[in-house]
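Below is one structure; the comments refer to it alone.
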Amino acid sequence: MKVVILAGGRGSRLAELTEVLPKPMVQIGDRPVLWHIMKHYAQFGHDEFVLALGYKGHVIKKFFLNYQLLSASLSVDLKTGARDLHDTSECEDWKVHLVETGLSTGTGGRVHRLAPLLRQGPFMLTYGDGVSNVNLEQLLAAHRRTGRLATVTAVRPPARFGGLKLDGDAVVEFTEKPQIGEGWINGGFMVFEPGVLDYMDDATDSLEVDVLERLARDGQLSVYRHDGFWQCMDTLRDRSMLEEHWNNGKAEWKTWR
């Protein structure tokens, strides 16, 4: 099953980093957040990816063009330019389609422009800036049970500010980043049938505002509730938190060895 990753946005709230990099290439540890997302999908056996490129797509192309070279040891003959790669078994066995979908195309329009690659069967889709430990086998099984065209993973996002439980003028409990007790949001990690492509018809379409709303009106949108870890990388604070978790060995989204 192909995995579509929306990797074309500007990431304006990370402007300090995205002036030179597309948002999916901002690093956690020594690898782009995009790599972390792909490693999670590959852990569940999904290793063919379709990346919808836009803003600074050439940076993502260069990363994958040089991926094997940068992952392996090598010998170089400086006179002839010949090179010999060693230890390539450590390189991921992925197939990656890198598709230019336009600089200002809406998220729905980006997916629509991938249609020639997606008509053959159901596919997964997520955003290039959110990591999670969502169980993809359970997500896919839940999607198949409903018989609907689309399933979206619902998550409870961490709060932006510390939570206080009060008793008069005393704080009896403080939680740095509590989960919001009510209300679910779209966390990405979706499953779509090819028929979803017929709900997209314009480059300006937003996946969220237009496509998912149309599917919901037609009774074709299901939800898979995920109570585990999920975090988007919208701000420098988000990125710093993810970096800290990774460096401290507490990266809950790391489902691979």
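Side notes on the structure shown:
- Flag if residue 82 is exposed (fewer than 15 other Cβ atoms within 10 Å of the Cβ), without any contact (Cβ under 8 Å) to a residue 60 or more places away in the chain and within 24 Å of residue 153 (Cα to Cα): no
- Residue within region 17-30 that is under 18 Å from residue 91 (Cα atoms), in a helix (DSSP H, G or I) and modelled with pLDDT of 95 or more present: no
- Among the residues of region 220-240, those identified as in a helix (DSSP H, G or I) and touching a residue at least 24 places away in the same chain (Cβ under 8 Å) are 236, 239.
- Applying the criterion of at least 3 residues that are touching a residue at least 60 places away in the same chain (Cβ under 8 Å) and under 17 Å from the mean Cα position of the chain (by Cα) to the helices (runs of 4 or more DSSP H) found wholly in region 32-74 leaves 33-43.
- Strands (runs of 3 or more DSSP E) wholly inside region 108-219 that include at least 1 residues being modelled with pLDDT of 95 or more and either of a type in the set (D, E, K, R) or under 27 Å from residue 49 (Cα atoms) (or both): 123-127, 130-132, 150-155, 190-192
- Conditions (1) assigned to a helix (DSSP H, G or I); (2) more than 30 Å from residue 197 (Cα to Cα); number of the one not met by residue 81: (1)
- Test for residue 68: is it under 28 Å from residue 124 (Cα atoms) and either buried (at least 19 other Cβ atoms within 10 Å of the Cβ) or out of contact with any Cys (no Cβ under 9 Å at 6 or more places or on another chain) (or both): no
- Looking only at residues in region 1-16 that are farther than 13 Å from residue 128 by Cα and crowded, with 17+ Cβ neighbours inside 10 Å, the one that is nearest to the chain's Cα centre (by Cα) is 2.
- Qualifying residues in region 234-254 (those that are farther than 21 Å from residue 10 by Cβ and in contact with a Leu (Cβ under 9 Å, 6 or more places away or on another chain)) - the one surrounded by the most Cβ atoms within 10 Å (Cβ to Cβ): 253
- Cβ pairs under 8 Å, 6+ apart, first in region 85-114 and more than 17 Å from residue 208 (Cα to Cα), second loosely packed, with under 14 Cβ neighbours inside 10 Å and acidic (Asp, Glu): none
- Among the conditions (1) outside any helix (DSSP H, G or I); (2) at pLDDT 95 or above; (3) within 18 Å of residue 35 (Cβ to Cβ), residue 93 misses just one, which is (2).
The values are calculated or read from the model by the stated rules, or taken from the named source; none is laboratory data. Predicted model only: the values in this text are computed from it and were never measured. So basically every Cβ, Gly included, is an ideal-geometry build from the backbone, and we count neighbours across all protein chains shown.
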